[in-house]
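Worksheet: one structure, shown below.
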């Protein structure tokens, strides 16, 4: 069926063809109604992008559901679908506007809680680091805070690389024991 002959069909005939996934029939309905549907939505929302999205969504659903639809008046069906999508958009925007302050306060509270947890974790890590034997503490600080390599620490402190590795291993074992799960994360992230 050619594009010209498709254009001569009534809306109901086009819907009938769409049930069999006839793309040209869908394109014809789209061309016939897109501008009118967009104008209808735009009179209400006055948001070009939102209206384009709404019209696209209505046509996507029409295409997806075409094999199962029985539509007597296509124009009434499409305008009802637009009205429904516009009302959903308005509802969503209203909810977002009404709850914007609440969401901001919630995000701030969560951020404050998270920051407090980090401060508490850092304090606990510091306390455990201070309790380490002096040389072990010194090696750990040079490794994690100053981010020196094991060779650099060994050269600086006059130790063998193996001794440096042993001190770091011992320090991390103490932290893991005293601060289960969190210590290993903190050590990996270098937040101490």
(request) Could you identify the single residue in 157, 121, 93, 132 that is farther than 30 Å from residue 12 by Cβ, under 22 Å from the mean Cα position of the chain (by Cα), surrounded by 11 or more Cβ atoms within 10 Å (Cβ to Cβ) and modelled with pLDDT of 70 or more? (result) 93
(request) Check 24, 61 and return the single one that is more than 28 Å from the chain's Cα centre (by Cα) and assigned to a helix (DSSP H, G or I). (result) 24
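Only one residue in 47, 53 is within 29 Å of the chain's Cα centre (by Cα), modelled with pLDDT under 90 and more than 19 Å from residue 22 (Cβ to Cβ). Which one? Working first, answer last.
On the way: 53 fails: modelled with pLDDT under 90.
Unique residue meeting the criteria: 47.
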(message) Testing residue 8 on (1) modelled with pLDDT under 90; (2) assigned to a helix (DSSP H, G or I); (3) farther than 30 Å from residue 93 by Cα, one condition comes back false. Which one is that?
(response) (2)
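The values are calculated or read from the model by the stated rules, or taken from the named source; none is laboratory data. Small disclaimer: the values here were computed from a predicted structure and weren't measured. Cβ coordinates were reconstructed from backbone atoms using ideal geometry, including for glycine residues, and neighbour counts include every protein chain displayed.
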